[in-house]
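What follows is a single structure, written as C-alpha cells, with notes after it.
Nothing in this text is a laboratory measurement; each read-out follows from the coordinates by a stated rule. Note that the coordinates shown come from a computational prediction; the quantities given were computed from them, not determined experimentally. Methodologically, a virtual Cβ is constructed for each residue, glycine included, from the backbone with ideal geometry; neighbour enumeration extends over all protein chains shown.
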Amino acid sequence: MAPSAAYDDIADWYETEFLGGLNSEDPLELRRLLRELLGTGTGRCLEIGCGTGIHATQLRELGWSPVGVDISGAMLRHARDRIPAAQGDAALLPIRDGSMAAVVAVMVHTDMPAYPAVLREVARVLRPGGVFVHLGVHPCFCGGFADRGDPEAIVIRPGYLDGHWTKSSWSTEGVRARVGAAHWPLPELLGGFLDAGLQFERFDEGGAPIPIVFAVKARRVSRGGPTSAR
C-alpha cells in the first residue's frame, strides 16, 4: 500500500487523536534526542516526512530555520501553520544540491520502503559537513515480530530478519495497523547510511523500559574528506 494514500486517509485521526498523547509528554524522548543529537545551530533544517509539522517549534527553539517535505497532502494541511513545506517524495527531493545545513527524519523511515534512496537524497541536499539526525522505530525491538502488549516484558518473536512491508502489529489502535510499515534490520539500516556517504557520529536510544527509538547522528563527508564534529 502506498504510504501517501494511507496517510491521506488517516490525517485527521493522526492530528486530533494519535498526537494527543504525545504533545503534552515525551514518552519516546524525541525532544531530548533532537536536542542532544541535532543541538543548536543556524541555517535551513529540512524535515523529511514532516507530516503535520509538530517538530518545527523545537527546531526553531534550537535556532534552526525549519522547512519540510511530505508526500501526503492531507497531512500537510495540518502543517501549514507550523512549517513551510512542500508536497514531494523523500526519495526524490525537490531541493538543490548542498543547500541544507541540517536534515532530520523523525519516526518516518518505516513509512519509506525506499529508505536507502532517501538517505542518498539526504546526502545530496546536505552541504559538506552538514548534519543528519535520524530518529526512527528501533529495528531490534519494534515491528510485527515484537509483541508490546506488556510494556514491561516485550516478547520478540521470529521475523526480525524478514525485512518486508507489513501491517502486522501488536495493537489495532496505532498507526502501523492502519498504514503498515517497512522493517529494516539493523545492518541494512546502517549500511544505507554508509552507502549514501554519511559518516556516523553518535548513536542513542529513547523510550523505557525497552527502547522504542533508535537514533543516529551522521554527517555528510566533505569533498576534502571526513569533517570533525563542531
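The HN-Hα couplings worked out from phi for the range 54-65 by the Karplus form 6.51 cos²θ - 1.76 cosθ + 1.60 (θ = phi - 60°) are 6, 8, 4, 4, 5, 4, 5, 4, 7, x, 7, 10 Hz, whole numbers, x standing for Gly and Pro. Sorted fewest first by neighbouring Cβ atoms within 10 angstrom, Thr110, Thr57, Thr40 come out as Thr40, Thr57, Thr110.
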